[in-house]
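Novice: Okay, handing you the structure first.
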């Protein structure tokens, strides 16, 4: 055995181990999360997902087909937790999310080999071992790239939801002050705006009306599913208005004002952080300019 054969032997051993682990995974007992399984089989969840699937036309999307195949075939449950709340907020089906992950991984696996072929065409020989290792590394990194994208988009969506929710609470307060009932005030306020936040709340209120569920319970469930504590506060306030007949106009206006104050403080903190980051290049330019001025004098002193 020579030194050049060692990388190929290591690669062969890694591939054999990967094959054995895949075979053992196929025969191992399935570990089913009972809570998530029952949640997926619930009537409300099934109808909601079916409705979203019909509106988005998911059957015609290649990523959806790839994602369903991956969920049936690959051990995706062992590769990290699924950001279910973020996906629910963005209305991205789980199978489409996994299809995007697999597609990104395939692209990451192909790029190093495409670069190797390109380098070979211009006369630069790249060892196959480095291409394989680069493919495995890049494929692994790109497999987890959709997780970052989903969490980043969900964080932006939550900020937008908070800003729109403050306006929605003001509208509900005005409707309650005008004499509308709790459900009527919430439904009228949801129908005024055309933003996706108002449409999402309106859909939940309409679903609660047809199912006979109190509207505040529907908003509480939506808050738990999407990870929106501000919506849970609104649900609690409206519960007091609906069940105990409490006057909640002042409470609603105070809640919307506190949300706007918190949003303003967050925006100011973000602006201050951006300003501090912008001062770093200016400070660096100042140091470089001072170095240019001082360097000739130092060189003359050292030369003398």
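Novice: Somewhere in segment 157-167, is a residue in the same structural domain as residue 236 (by TED's automatic domain parsing) and not in a helix (DSSP H, G or I)?
Specialist: no
Novice: Inside segment 207-235, can you point out the residues that are in a helix (DSSP H, G or I) and over 24 Å from residue 154 (Cα atoms)?
Specialist: Scanning segment 207-235 gives 208, 209, 210, 211, 215.
Novice: If you take the residues in segment 128-150 that are loosely packed, with under 15 Cβ neighbours inside 10 Å and in contact (Cβ under 8 Å) with a residue 60 or more places away in the chain, which one is farthest from residue 80 (Cα to Cα)?
Specialist: 129
Novice: Moving on to the next point. Tell me, which helices (runs of 4 or more DSSP H) lie completely within segment 42-143 with 3 or more residues that are closer than 30 Å to residue 204 by Cβ and at pLDDT below 85?
Specialist: 43-56, 62-73
Novice: Another question about this same structure. Any chance segment 224-234 includes a residue that's at positive phi and either surrounded by 10 or more Cβ atoms within 10 Å (Cβ to Cβ) or touching a residue at least 12 places away in the same chain (Cβ under 8 Å) (or both)?
Specialist: Yes, because at least one residue in segment 224-234 is at positive phi and either surrounded by 10 or more Cβ atoms within 10 Å (Cβ to Cβ) or touching a residue at least 12 places away in the same chain (Cβ under 8 Å) (or both).
Novice: Which ones in segment 170-208 are farther than 23 Å from residue 91 by Cα, within 31 Å of the chain's Cα centre (by Cα) and touching a residue at least 24 places away in the same chain (Cβ under 8 Å)? Before you say what the answer is, go through the steps one by one.
Specialist: Filtering segment 170-208 for residues farther than 23 Å from residue 91 by Cα gives 170-185, 188.
Cutting the leftovers down to within 31 Å of the chain's Cα centre (by Cα) gives us 170-172, 188.
170, 172, listed by residue number.
Novice: Moving on to the next point. If you take the residues of segment 242-256 that are in a helix (DSSP H, G or I) and closer than 14 Å to residue 174 by Cα, which of them is modelled with the lowest pLDDT?
Specialist: Within segment 242-256, the first condition is being in a helix (DSSP H, G or I), and the residues that meet it are 242-244, 249-256.
Then drop every residue that is not closer than 14 Å to residue 174 by Cα, which leaves 249-256.
Numbers: 249: 82, 250: 85, 251: 86, 252: 87, 253: 87, 254: 88, 255: 86, 256: 86.
Selected residue: 249.
The values are calculated or read from the model by the stated rules, or taken from the named source; none is laboratory data. A quick note: this is a predicted structure, and the numbers were derived from the prediction, not measured. Because the Cβ atoms are built from the backbone with ideal geometry, glycine has one as well, and the counts that use them run over all protein chains shown.
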